[in-house]
Amino acid sequence: MTFIFHPLGDQAVVIELGKDINEETQRKVQLVTSFLDRNMESWIIEYIPAFTTVTVFYDPVEVISKFRGISKLPYDIVCIQLKKLLEKMSSSEVTLQRTVEIPVCYGGEMGPDLPFVAKHNGLSEEEMIRIHSAGDYTVFMIGFAPGFPFIGGMSEKIATPRRDSPRLKIPPRTVGIAGKQTGVYPIETPGGWQLIGRTPVELFRPEDEPPTLLRAGDKIKFIPISIEEYKRLGGD
């Protein structure tokens, strides 16, 4: 597997694993994060996966202390050590992929932008729901807000630009579309995505470890439900 290192300030290394956002690059990101989970060195503070990169934050004092015999800058030492670590990886390091079902009540007050998204794509609302819920989805990364999944694999037939004017408040668990991506707002937050539905399932779970329902690499299946079923499942 090929990778490129880039500095980020004086305490982080960005491991670039690809240029394009796709399943192949995402699998590489998942491979690196799974490996680091099992091989955390004392000088590594944390790592943050993204669409095509994994950023490793390190303690320069610990690096100098542990590798005092190497007359190089902490960044250069970290690059050397990361290269040694990553060369030990194998495909077996990847965490088994999960499929998570997310029930969604589409349209109405739960998805006020559904009519616009359908019209924008020349579809009926029913066709819009059918296409969205039939997608083969993968979580590429978690970010923006705690537990927010950036989900790829959505059909271009329903791709829709962000709103010109973002909303100041979006209810928790709202499902949205932005460009060719779909996602779910786990907490109340501002946002400019087109809102098409809401799920009764909590994505951000601060009392759990990890504190999010979803993680990068998960497969997602959206299940259309009625407003009655939404309320029965605990939706507000």
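The values are calculated or read from the model by the stated rules, or taken from the named source; none is laboratory data. All values derive from a computational prediction rather than experimental measurement. All Cβ positions, even for glycine, are placed from backbone atoms using ideal geometry, and neighbour counts span all protein chains on display. For the accessible areas, the whole protein counts, side chains as well, though only heavy atoms, and no ligand, DNA or RNA atoms are used. Shrake-Rupley method; radii C 1.70, N 1.55, O 1.52, S 1.80 Å.
Data table
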quantity: Odd one out for Gly111, checked against (1) outside any loop (DSSP other than H, G, I, E, B); (2) under 21 Å from Glu229 (Cβ atoms); (3) over 15 Å from the mean Cα position of the chain (by Cα); calculated: (1)
quantity: Pairs where the first residue, in region 212-236, is on the phi > 0 side of the Ramachandran plot and the second is assigned to a loop (DSSP other than H, G, I, E, B) and surrounded by 17 or more Cβ atoms within 10 Å (Cβ to Cβ), C-beta under 9 Å, 6+ apart; calculated: Gly217/Val94; Gly234/Pro200; Gly234/Val201
quantity: Top-ranked residue in region 187-214 [being β-branched (Val, Ile, Thr) and part of a loop (DSSP other than H, G, I, E, B); ranked as surrounded by the most Cβ atoms within 10 Å (Cβ to Cβ)]; calculated: Thr199
quantity: Output for region 32-76, where each listed residue is in contact with an Asp or Glu (Cβ under 6 Å, 6 or more places away or on another chain) and in a helix (DSSP H, G or I); calculated: Ser34, Phe35
quantity: Boolean, Val184 is touching an Asp or Glu at 6+ places or on another chain (Cβ under 6 Å), within 23 Å of Ile48 (Cα to Cα) and open to solvent by less than 20 Å² (accessible area, probe 1.4 Å); calculated: no
quantity: Residue list for region 117-136, restricted to those being more than 14 Å from Ala159 (Cα to Cα) and either touching a Lys or Arg at 6+ places or on another chain (Cβ under 8 Å) or modelled with pLDDT under 95 (or both); calculated: Asp136
quantity: Selection status of Pro49, closer than 21 Å to Phe144 by Cβ, modelled with pLDDT under 95, in contact with a strand residue (DSSP E or B) (Cβ under 7 Å, 6 or more places away or on another chain) and open to solvent by 30 Å² or more (accessible area, probe 1.4 Å); calculated: yes
quantity: Flag if Phe57 is out of contact with any helix residue (DSSP H, G or I) (no Cβ under 9 Å at 6 or more places or on another chain) and more than 18 Å from Asp218 (Cβ to Cβ); calculated: yes
quantity: Positions within region 215-236 being open to solvent by less than 60 Å² (accessible area, probe 1.4 Å), in a loop (DSSP other than H, G, I, E, B) and modelled with pLDDT under 95, in sequence order; calculated: Ala216, Gly217, Asp218, Gly234, Gly235
quantity: Residue match in region 152-162 (condition: modelled with pLDDT under 95, open to solvent by 30 Å² or more (accessible area, probe 1.4 Å), more than 17 Å from Tyr106 (Cα to Cα) and in contact with a strand residue (DSSP E or B) (Cβ under 7 Å, 6 or more places away or on another chain)); calculated: yes
quantity: Filtered residue count, region 48-91, keeping only those that are of a type in the set (A, V, I, L, M, F, W, C) and in contact with a Pro (Cβ under 7 Å, 6 or more places away or on another chain); calculated: 2
quantity: Options Phe51, Phe116; residue that is closer than 30 Å to Glu16 by Cα and among the aromatic types (Phe, Trp, Tyr); calculated: Phe51
